[in-house]
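Engineer: Mind having a look at this structure? Questions to follow.
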Amino acid sequence: MFKTIHEDIQSVLDRDPAARNVFEVLLCYPGLHAVWMHRITHRLWKNGFKLFARWLSQTTRAFTGIEIHPGATIGHNFFIDHGMGVVIGETAEIGNNVTLYHGVTLGGTSLHKAKRHPTIEDHVVIGAGAKVLGAITIGAHSRIGANAVVVKPSPPNSVVIGVPGQIIVRSQGQSNAPDLEHGLLPDTIGDTLSALVAHVEKLEKRLDGHSNVSPALHMSDHGIWYGGDFAI
């Protein structure tokens, strides 16, 4: 038990630069409190005290803003940063060294009393506001961008962004260190539009090389698009 407590505290210190010492972590991290209470409620649930486990988990939700069903299975070194609005469903399975941010939902998509929530493998990071829905598996070392809606399984070493989630498999395997660079996300839609605009401009030049008509929209430059005047 003490080994698990130490690992949970160290997870916070390793993954949140705002955490300055152990006492601050113990007092000020509702994600840690929710995980510790879940370890108790899950044991109660497995031993048949289901109503008491549910009541205790709902009480924890009132204090932390984090709802973890006592039936969910959670591995070692699980870290919920900020935590407000996190929902983890009954049949969710979470591996080791997983990080969740506020507003994340691991939700179900079926009314059947069977496996209906996601399986999150080891070393996955799920950004703020993301929704992972259904009995799908998110492969190890994957990263889900903020506010993504994921309804399809993703292989290991993936990045998932957008609505619905677009899956990009990274070419290089990742280390076991937390992958917290949330600003380094690809823009699949923007890159596709840039390629299409460039192709259209080439075709227009081929058809009419001396045309004076300028395109309404120019290619993206570092994520910024240029065009004419727009009435908003």
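Engineer: Condition check: closer than 29 Å to SER11 by Cβ, in a loop (DSSP other than H, G, I, E, B), out of contact with any His (no Cβ under 6 Å at 6 or more places or on another chain) and modelled with pLDDT of 90 or more. Does ALA128 satisfy that?
Structural biologist: No.
Quick grid of which residues meet (1) at pLDDT below 75; (2) of a type in the set (Gly, Ala, Ser):
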site	(1), (2)
ALA148	no, yes
GLN174	yes, no
LEU185	yes, no
VAL197	no, no
LYS202	no, no
LEU217	yes, no
HIS222	yes, no
ILE232	yes, no
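Engineer: Given the conditions (1) out of contact with any strand residue (DSSP E or B) (no Cβ under 9 Å at 6 or more places or on another chain); (2) modelled with pLDDT under 95; (3) not in a loop (DSSP other than H, G, I, E, B), which single one is not true for ASP8?
Structural biologist: So ASP8 meets the others, but not (1).
Engineer: Among ALA140, ALA135, ALA130, which is in the same structural domain as ILE94 (by TED's automatic domain parsing), out of contact with any helix residue (DSSP H, G or I) (no Cβ under 6 Å at 6 or more places or on another chain) and closer than 15 Å to VAL86 by Cα?
Structural biologist: Within the list ALA140, ALA135, ALA130, the selection yields ALA130.
Engineer: Condition first: in a loop (DSSP other than H, G, I, E, B), surrounded by fewer than 22 Cβ atoms within 10 Å (Cβ to Cβ) and in contact (Cβ under 8 Å) with a residue 24 or more places away in the chain. Now tell me which residues in the range 30-76 satisfy that.
Structural biologist: Listed by number, the residues that qualify are GLY65, GLY71, ALA72, GLY75, HIS76.
Engineer: Something else: What pairs come out if I take residues in the range 95-124 that are assigned by TED's automatic domain parsing to the domain that holds SER11 and pair them with residues that are part of a loop (DSSP other than H, G, I, E, B) and hydroxyl-bearing (Ser, Thr, Tyr) whose C-beta lies under 6 Å away, six or more apart or interchain?
Structural biologist: LYS115/THR91; ARG116/THR91; ARG116/SER110; HIS117/THR91; VAL124/SER142
Engineer: Residue pairs, Cβ under 7 Å, 6 or more apart or interchain, first in the range 139-152 and assigned to a loop (DSSP other than H, G, I, E, B), second hydroxyl-bearing (Ser, Thr, Tyr). List them.
Structural biologist: Matching pairs, first to second residue: GLY139/SER154; GLY139/SER158; SER142/SER154; SER142/SER158.
Engineer: Related question: Give the residue that is modelled with the highest pLDDT, with candidates limited to residues of the range 62-107 that are charged (D, E, K, R) and under 15 Å from the mean Cα position of the chain (by Cα).
Structural biologist: In this case the residue turns out to be GLU93.
The values are calculated or read from the model by the stated rules, or taken from the named source; none is laboratory data. As the structure is a computational prediction, the values presented were derived from the model and not from experiment. Quick reminder, even Gly has a Cβ in these numbers, built from the backbone with ideal geometry, and neighbours come from all protein chains shown.
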